[in-house]
1. Filter the stretch 664-715 down to the residues that are open to solvent by less than 30 Å² (accessible area, probe 1.4 Å) and small (Gly, Ala, Ser) and list them by number.
2. How about the stretch 716-735: which of its residues are open to solvent by 30 Å² or more (accessible area, probe 1.4 Å) and among the hydrophobic types (A, V, I, L, M, F, W, C)?
3. Would you pick out the residues in the stretch 370-401 that are open to solvent by 20 Å² or more (accessible area, probe 1.4 Å) and among the β-branched types (Val, Ile, Thr)?
4. Just wondering, is there one or more residues in the stretch 208-217 that are under 30 Å from Leu164 (Cα atoms), open to solvent by less than 20 Å² (accessible area, probe 1.4 Å) and outside any helix (DSSP H, G or I)?
5. Can you give me the ranges of the strands (runs of 3 or more DSSP E) entirely in the stretch 95-167 with at least 2 residues that are at pLDDT 90 or above and either loosely packed, with under 12 Cβ neighbours inside 10 Å or not charged (D, E, K, R) (or both)?
6. Kindly indicate whether Trp558 is modelled with pLDDT under 95, closer than 20 Å to Arg467 by Cβ and open to solvent by 10 Å² or more (accessible area, probe 1.4 Å).
7. Taking only pairs six or more apart or across chains, which ones have beta-carbon atoms under 6 Å, a first residue in the stretch 154-181 that is under 22 Å from Asp435 (Cβ atoms), and a second residue that is among the aromatic types (Phe, Trp, Tyr) and in a helix (DSSP H, G or I)?
Amino acid sequence: MRTVSTTAGGSATTDGFCELLSRFRALAGMTQEELAHDAGISLRAVGDMERGRTRGPQRHTVQSLARALRLAPAEAAALEQAAQAGRPRRGSSAPTRAVRGSLAPKRSVTPVRSGTAVRSALTLPRDIADFTAREDALALLHDLVRDEEPTHPRIALVCGHPGLGKTAFALHAAHALAHLFPDGQLSLDLMGMSPTPLAPREALAQLLRALGVPDSAVPADTQERAARYRSLVREQRLVLVLDNAADEAQIRPLLPGSGPALTIVTSRQTLPGLESVDRLPLGVLTGAEAAALLARIVGPERTAAEPDATAELALLCGHLPLALRIAGQRLAARPRQRIGQLVRQLTAEEGRLDLLEAGDLRIRAAFALSHRQLPPRAQLVLRRCSLTAGPDFTADTVAAYTGLPVRQVERQLEELTDSGLLQPASAAERYRLHDLLRLFCGEQLAAEDSPTAVDLARARASTWLLRRTIAAGLLFGPERGEGDEGGEGDEGGATGSGSQDPDPDTAPATLADARRWLEDEHPEWLAALRHAHTTGRHRLVVDTAEAMHWFSDTLVHWDVWAEVFRLSVGSARAIGDRLAETVHLNYLAWTHLTCLHQYQQGLTFADEALELARSVHDTVQEAWALTYRGSALRRLLRHQEAIGAYRQASASFATLGTPTGQVGRLVADRFAGACLRESGLVQEALTTHQRTQADTLRGSVPPLSYATQLMAGFITHEVGLDQAALGHWQEAEHSYRQALTHFEAAGRADSSSQTLAELGTALVELGRADEARAVLGEVLAGSSDKDTLLRVTEQLDALERPRQEPVTPR
């Protein structure tokens, strides 16, 4: 390792820090930019140190410089000794600088006796030794203070909901930046969450006294105090932490008008009316950061011994710094307690807030401070937010729980967001309530709202949600003129209740809007469906599930359909509607076959539906039950029985003479052909599918309807599979491309992925490897089906292997 001699040019122990640093850098052959980069500090900081503007940087900064310069131990010690000599000594004045407009020297930031009372000089409280994370926010503050002579005052607002560690971060930042602000660091608690926050007049008096102004010289008028304060701060490099601000009116008089000082304001409010500030909203920690904080509190050996329990504890604490610290302090005070034991204790929601207490640290108290500041209507809205089922929610949903107009609820939600009690979700116009705060709001709900009022709120909201769900679901049905969808999961049955949306002005108007609402709000409408079933509103449950069955076919990967149709079957039985029970048993059979891949269970439900359909003499449901029976038998590799069931279904559909019967017959014939291929009768399968393909397009007038395009895509895909099984790859390629055209016209990218995968296989067999790679790459980019992705990945790997250089054995 290269070392730097201290004999060339002078003694390392007698020079000041700036001269010594400059000499070491020159001997190392480094530029200031190179030293700043290697030491991990800013270029401006290096320049300030070498120009003498920063004579006593903190120890960790000196150590970083020494490592970057590769100093020998003696040289590093000399550099630290010089830095230590330049630091202000405890109890002495900070280095003085010329002050424009004032001949008064700077006062030391120490307690000043005033009359008979000793007042705090507002020196910074100690930094937390185990402070963890917040590197990005700290980096933003570093960027903010780079300019030595800023045009505008440097003011940072650290905001966020209770428990995020805003004060801890502000104090940590002030300590970390202290070397850049040699004139002092002050901290003042503005008591924004108390019933009587600190008045600006009193806050200014405390700040003036801390800056050395005697009581007798503190002006009486608030404006005069503010002017005196601004004049003192204008020329000083100070860090001012104004903690726990209540509102804009409290904080404005305390802000410098100009100068190099840095003011860090913390508040649970976002203070939207505060002008010209840099906002640093804090969020919860990541999982890794939360685990790291726990490790620093309780010891890394304990968290390393129980990594899963540590991650679960962090999750139960909602990754909230205050909750994590409380949990960590409990464990630190109980060195023999296993982390898993605390996890088990916290798992029960009803006691979680009680356990999150350690000494005077209480998570419930932190929430209560903010809650009691709210006006009654805002408290009502916040309590009712705890009734929502999803991770985030809209004003429409909360309005349904409160019974208030949507616009009024929107205003309240925005005010709650400004108060730090709600967070804006990632999606627009949605809000999020932290898990622990949701528990607190649930407690307030139980304390403030009667059981009758809560029951009425739940009933009102569930009715509103299910009526909108019905209206949105019906947009996917054949009554829109699009016909039945021809996938394996298509069902027959009624088209729903035809109910109108409860609020037509805000109702989803298009398929895209309806899909987005049904997907985003599925935790809400599913919870509403459970509530309706539990409270005996069975017709509403049946109508909702009926309206959703067409939409269910567009999201077959959702396992929620099993619960939806299980509830609707139960409700149909409860009201004695045997036809509805038959219909929904068919839906339940479809769910187990298509969504859950539970084929034996699907066969059981299909047989139950078949028996019930025959007892009520309903040919449509009998035909669909036979179709699902065939699909279950096919998946169970009982191909001959499956072919028989499909052919019975086709014959039943043919007797109907309706569009539903026509679609059903094509579906049954398509699956019968697939069974023929899978049982080795490939030519017979091809003949069946080509006949079905012709039947699908017969009589259709371009442009083809959505249902016709989709059905044509499915059957043409089957034709391609038959041709591929016969080794007719050129014909298979043509069929796959034709199927893709149909799927594109129908807007069904989910169906296109499997066809693209088959097309890639055909291209490989035809020796067109580059085209195959491009097509298979499209599948990787667009498919979510695990089996398809695994198959495509294996194909791409196989294509690459021949291109690799052979390995020469040793």
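1. Gly664, Ala668, Ala672, Gly673, Ala674, Ala685, Ala707, Ala712, Gly713
2. Answer for the stretch 716-735, where residues must be open to solvent by 30 Å² or more (accessible area, probe 1.4 Å) and among the hydrophobic types (A, V, I, L, M, F, W, C): Leu721, Ala725, Leu726, Trp729.
3. Hit for the stretch 370-401 is Thr394, nothing else.
4. no
5. By residue number, 154-159.
6. no
7. Correct list of pairs: Pro162/Phe367.
Okay, residues lined up against (1) on the phi < 0 side of the Ramachandran plot; (2) open to solvent by less than 10 Å² (accessible area, probe 1.4 Å); (3) more than 38 Å from the chain's Cα centre (by Cα):
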residue: Trp550; (1), (2), (3): yes, no, no
residue: Ala562; (1), (2), (3): yes, no, no
residue: Trp590; (1), (2), (3): yes, yes, no
residue: Asp607; (1), (2), (3): yes, no, yes
residue: His617; (1), (2), (3): no, no, yes
residue: Ala625; (1), (2), (3): yes, yes, yes
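The values are calculated or read from the model by the stated rules, or taken from the named source; none is laboratory data. Just so it is clear, the structure is predicted and the values come from calculations on it, not from any experiment. Using ideal geometry, Cβ is built from the backbone for each residue, glycine included, and neighbour counts are taken over all protein chains shown. To get the accessible areas, we keep the full protein, side chains included, count just its heavy atoms, and leave off ligands, DNA and RNA. Shrake-Rupley method; radii C 1.70, N 1.55, O 1.52, S 1.80 Å.
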